[in-house]
Ligand code: ATP
Ligand code: MG
């Protein structure tokens, strides 16, 4: 199964991210991510076998994440897939530490795929026709987090759908 580790926004933040997605969609077109799919990927694991997946579920249920606050104050885009995202202007030290800690643990599980660079972002649009969101109002959100989800991604007609298989401890 296809798995990744992500922060899932609380409902009020999800609504505000959805409003940014609407604004960006009006300007840039493309496919707007549905509200229930909005997330921050911390580690993409790819295909994982059933046995290893259940070990990861056990690990996630016992994991405690250091609480943090991530400031989202910038638009960005990835040109080739036509992705428009929202994220931080400056690299976020706490998310960098969390990312490193997670990959250290994942490598102990024998998983490969640690990226050379980590650029935290929330994808709002895919296959956007125009990538210029810069004339939209600057985002100004704070994402307070204290839990992480192990998420399964399955492919459907209109893009991927995500289901959380396990959540870390409430810290
Ligand atoms: P789709 O691929 O159907 O357009 P998706 O990209 O949202 O949808 P997945 O490909 O399953 O669904 O990806 C799940 C999450 O992992 C997304 O946040 C995606 O950006 C991220 N991701 C996917 N592939 C990689 C990769 N090779 N490296 C880093 N992150 C990835
Ligand atoms: Mg993908």
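Please treat every number below as a calculation from the coordinates, not as lab data. A quick note: this is a predicted structure, and the numbers were derived from the prediction, not measured. Neighbour counts run over all protein chains shown; Cβ positions are idealised from the backbone, glycine included.
Within the range 37-74, name every residue whose backbone N is under 17 Å away from a label modeled 7 Å from Cα of residue 23 along the Cβ vector. Flagged as within label range: 71-74. Taking all Cα pairs closer than 8 Å and separated by 6 or more residues, the relative contact order of the range 1-128 comes to 36 percent. Remark: the Cα gyration tensor places the range 112-171 in the oblate category, a/c being 1.5 or greater and a/b not exceeding b/c. Using the Cβ-Cβ distance between residue 101 and residue 129 with R0 = 30 Å, the FRET efficiency computed as 1/(1 + (r/R0)^6) comes to roughly 0.20.
If R0 is 41 Å, the Cβ-Cβ spacing of residue 73 and residue 161 corresponds to a FRET efficiency of close to 0.90. Length gained on full extension, residue 169 to residue 146, computed as 0.36 nm times the residue gap minus the Cα-Cα distance: 7.4 nm. The ellipsoid equivalent to the alpha-carbon distribution of the chain has semi-axes of 27, 18, 15 angstrom, derived from the gyration tensor eigenvalues as √(5λ) and listed largest first.
By the count of other C-beta atoms within 10 Å, a proxy for reagent exposure, 3, 11 are ordered fewest to most as 11, 3. Take every pair of alpha-carbon atoms less than 8 Å apart whose residues are at least six positions apart; their mean separation over the length of the range 53-121 yields a relative contact order of 26 percent.
Exposure proxy for 119, 33, 60, 1: other Cβ atoms within 10 Å of each Cβ, ordered fewest to most, give 119, 1, 60, 33. Measuring from centroid to centroid over Cα atoms, what is the spacing of the range 43-57 and the range 122-171 in Å? The distance from the Cα centre of the range 43-57 to that of the range 122-171 comes to 20 Å. Working note: 222 nm ellipticity from helices only, DSSP H runs with n ≥ 4, each -39,500 (n - 2.57), summed and divided by the residues of the chain, gives -9000 deg cm²/dmol to the nearest 500. Taking every C-alpha pair closer than 8 Å and separated by at least 6 residues, the mean separation divided by the residue count of the range 105-171 gives a relative contact order of 22 percent.
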